[in-house]
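Data first, discussion second: the structure below is written as C-alpha cells.
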Amino acid sequence: MTVPASRAAWSALTGLILCLGTVVPAAAQWGDSYDYPSRRSRDYYRDDGSSGAYGGRPSGRRYAPPQEAPRQFYWPWEDRPQQAQPVPSMRPSPRPRTPVHADEPRPARRKARPAPVVAQPKPAVPKAEPTTRIAVFGDSLAGSLGIGLSDVFEDNAEIGVVDRSRADSGLVRKDLVDWPKAAEEYLKTNPKVAYALVMVGANDRQPIRDGDQTVEPLSERWRQLYGERVEALIKVFADHAIPLVWVGVPPMRSESLTKDLAEINDIARKRVAKAGQTYVDVWPGFVDDRNRYAATGPDLEGQEAKLRAGDGVHFTKAGARKLAHFADVELKRLMGTGAAPAAPVATAPAAPAEGETPRLDDAAAIDRQITAMLPSLPEPPGIPALPVKPAAGPVVPLSRGEMTPGGTLMSGRPRDADPSGNVERALLRGAAPVTQPGRADDFRWPPG
C-alpha cells in the first residue's frame, strides 16, 4: 500500500520534533528557564577532595575568587581607587620618653611620702601602794568626779583615788544607802584614807520620811531634816580627823530641777561652812553668760567642748575633767602643794675688815676700794624742792551741780555784759528779737 507523499512528510516531521523534545527541553526565548540554569557556577577545587569534581560531596560554602594585585600604574584619564582610611584607636598613645644624655643631669626623683606619725600612748606609770588615798562618796555625779580626779593624778604614783560612789543614792532615802553609816564602816576598815570628797543632792528632790509622816520636799521641815543629815555625814569625817571637800551640784537641763538643786546647794553650803570644812561651788563652770544650763563650754584648754551628756544630768569625759579641776584646786591647797615657794631674801655681802685685801670674786668690795682711791668730786648743786601734792583734793559731790551763793557754777565763765538787752529779752522773757532789714528772719513783703 502506498502512502501519499504529503502524509509521509508530515509523519517524518512529527517524529523529528518528538525526538528533539526528549533530548533537551526547549529554552525560553528571552533567557534561561527557571528549571535548568544556562550558566552554572564554577566550583573551585579543594585539596581535601570535597569538591564535586572528584566525586566528593559538594560543599555548600562558596569561596570568593582571588583578588588581583593592585596596579602600580594608571593613565591620567583613569580614576585611582580610594584607599581606606585607618580607623582611629580609642587607646591612648604612649607618652614619648625624653632621651636622657650622659652630660645632662637626671631629673630628681620624687621623694616618697613619710608614713603618718601615730601618736604613741603615754606609758602607764606602774602604781605601787599609794601613800595618799582620796575617797570619793556620793551618787552617780560623784562617780564622774572620781574619774576626773583619776586623770588628774594619773602620773602621780603616790596618790590613789578610791571611788565609793553609788548611783541613785542620796541623803533622803536611807533604804538605798545610809551614807553616814556607810562612810563610818569604810573609814574603820581603811584607816589610810587621807582626804574625802562628797557630792550628793542630784537625787534628793523627793519627800523625806519622818517617822510615820512624809515631809514634802523643800518645805521648812524638809530643810531642817536635810540639814541634819548633812551634819551627820560631816561629823563622820570630823571624828576621823579627815579633811572633807563637799562639791556642790551643777545645774541641770530641767529648769525646775535646777531651781530646786540651787536651794539644796545653799543648805549644804551653810552646814559645811558651819562645820569648818571646804565647800566647792561648780555652778559657774557649767552655765552660760545668762546663768543658764549649758551643755557645751570651754574645757580646761580653753577649747569649746561638749561637757554634759545627752540626758542633761551627767558629764562627758571633758566635763568630768573640768568638774575635777574645781576639787583639785582645793585638794592641792589642803595638801600644801599649791602654795608658792617663798622668794629667797637677798643679803648684801659684808664689807671686808679694815686693812684686809678684798677677794677677786667680791665685786662689791673691789668697787668700794676703787671709789675710795678716786679724788673727791664737788657736790652737785641742790635740786629745787618740788611742791608737795596733797594726798586728796576737795570732795565734790557728783550727783548735783555745786553752785556759788550767787547762783553761778563754780567752774563757769563770768557772765558777759548785755548792753542791748537782747539776751534778757530773748532768753528770760521769751520775746522774739527785733528783725533787721535784709536779715534771714526779715519776712516783710515787699522787702526793703
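Only the coordinates and a few stated rules stand behind these numbers; no lab work does. What you see is a predicted model, and the numbers here were worked out from it, not measured in a lab. Backbone-built Cβ (ideal geometry, glycine too); neighbour counts: all protein chains shown.
General observations
- Per-peptide average of other Cβ atoms within 10 Å, ordering 226-234, 185-193 highest first: 226-234, 185-193
- Anisotropy class of region 245-341 from Cα gyration tensor, a/c 1.5 cut: oblate
- Annotation: amide H-H contacts under 5 Å for residue 305 (H modelled 1.01 Å from N, sequence separation of 5 or more, or interchain): 297, 299.
- Residue 228/residue 391 FRET efficiency (R0 41 Å; Cβ-Cβ; nearest 0.05): 0.15
- Rounded if a/c under 1.5, otherwise prolate or oblate - region 132-335, Cα gyration tensor axes: oblate
- Mean sequence separation of contacting Cα pairs (under 8 Å, at least six apart), scaled by the length of region 132-335, corresponds to a relative contact order of 21 percent.
- With a Förster radius of 56 Å applied to the beta-carbon distance between residue 273 and residue 423, the computed FRET efficiency rounds to 0.25.
- Contour excess over end-to-end distance, with Cα ends at residue 333 and residue 263 and 0.36 nm allotted per residue: 22.5 nm
- When each of the peptides 165-172, 202-209, 216-223 is scored by how many other beta carbons lie within 10 Å of its residues on average, the order from highest to lowest is 165-172, 202-209, 216-223.
- Over 27 Å between alpha carbons, listed pairs 174/274; 174/332; 235/322; 235/317; 192/235: 174/332; 235/322; 235/317
- Label-point separation, residue 181 to residue 77 (7 Å along Cα→Cβ), nm: 13.5
- Lys, Arg +1 and Asp, Glu -1 on Cβ, resulting dipole of region 132-335 about Cα centre, debye, nearest 20: 260
- Segment residue 189-residue 151, extension gain: residue separation times 0.36 nm, minus the distance between their alpha carbons: 11.1 nm
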